[in-house]
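Colleague: The structure's right below; bear with me while I get my questions together.
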Amino acid sequence: MSSNQQIPPLVQEQLAKLQQTQQNLQSILAQKQQLEFDKLETEKALEELQKVNDDDMVFKHAGTILIKSNKKDLIEELDEKKELAKTKASLLTKQEERLKITLKEGETKIQEMIKNQSVAGTQQPQHDESRK
């Protein structure tokens with residue numbers, strides 16, 4: 001397409017959908033990255049808790065404060081948190097896969113629309129020479 005041609009409204013609409021899908025994918029990837037960070041942090045905390053004696057005093061953070069807890073409860077809480085993160089990561093991975101498929105389909109659709117538009121634009125109407 002030359003620069004003086006306008007992008008057809010249908011192609012513009014598909015491009016907007018494609019951009020929205022790309023933004024959604026970026027959001028999913030950012031969430032997955034944060035979950036991975038949280039998982040590693042939780043695993044590190046569990047490792048440290050395993051080193052502590054059962055009767056030692058342990059604390060957990062709640063916002064900007066520390067709260068006294070016991071080792072057993074804290075391990076259960078962290079295991080739950082880890083399992084929840086695993087479930088969320090699985091869901092995000094499925095969403096990521098669906099979005100990637102949607103992106104590929106959208107790209108293909110746009111390429112076809114542009115191809116069809118350029119083919120239609122290059123076809124010249126045939127003139128009937130016998131009419132002259």
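Residues checked against (1) of a type outside the set (Lys, Arg); (2) more than 29 Å from residue 90 (Cα to Cα):
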{"site": "18", "(1), (2)": "yes, no"}
{"site": "39", "(1), (2)": "no, no"}
{"site": "54", "(1), (2)": "yes, yes"}
{"site": "60", "(1), (2)": "no, no"}
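Colleague: Next up: So residue 18 ticks every box in (1) aliphatic (A, V, I, L, M); (2) surrounded by 11 or more Cβ atoms within 10 Å (Cβ to Cβ); (3) without any contact (Cβ under 8 Å) to a residue 40 or more places away in the chain but one. Which box is left unticked?
Modeller: Unmet for residue 18, out of (1) aliphatic (A, V, I, L, M); (2) surrounded by 11 or more Cβ atoms within 10 Å (Cβ to Cβ); (3) without any contact (Cβ under 8 Å) to a residue 40 or more places away in the chain: (3).
Colleague: Can you tell me which residue is surrounded by the most Cβ atoms within 10 Å (Cβ to Cβ) among those in the stretch 21-69 that are farther than 30 Å from residue 105 by Cα and acidic (Asp, Glu)?
Modeller: Out of the qualifying residues, it is 38.
Colleague: Continuing with the same structure: Taking the stretch 71-90 only, how many residues are within 19 Å of residue 26 (Cα to Cα) and loosely packed, with under 14 Cβ neighbours inside 10 Å?
Modeller: Selection size over the stretch 71-90: 1.
Colleague: Output yes when any residue across the stretch 45-57 is under 30 Å from residue 118 (Cα atoms), assigned to a helix (DSSP H, G or I) and acidic (Asp, Glu), and no when none is.
Modeller: no
Computed from the coordinates by the stated procedures, all read-outs in this text should not be read as laboratory data. Predicted model, so just to flag it, every value in this text is computed and none were measured. Every residue, glycine among them, receives a Cβ derived from its backbone with ideal geometry; neighbour counts consider all protein chains shown.
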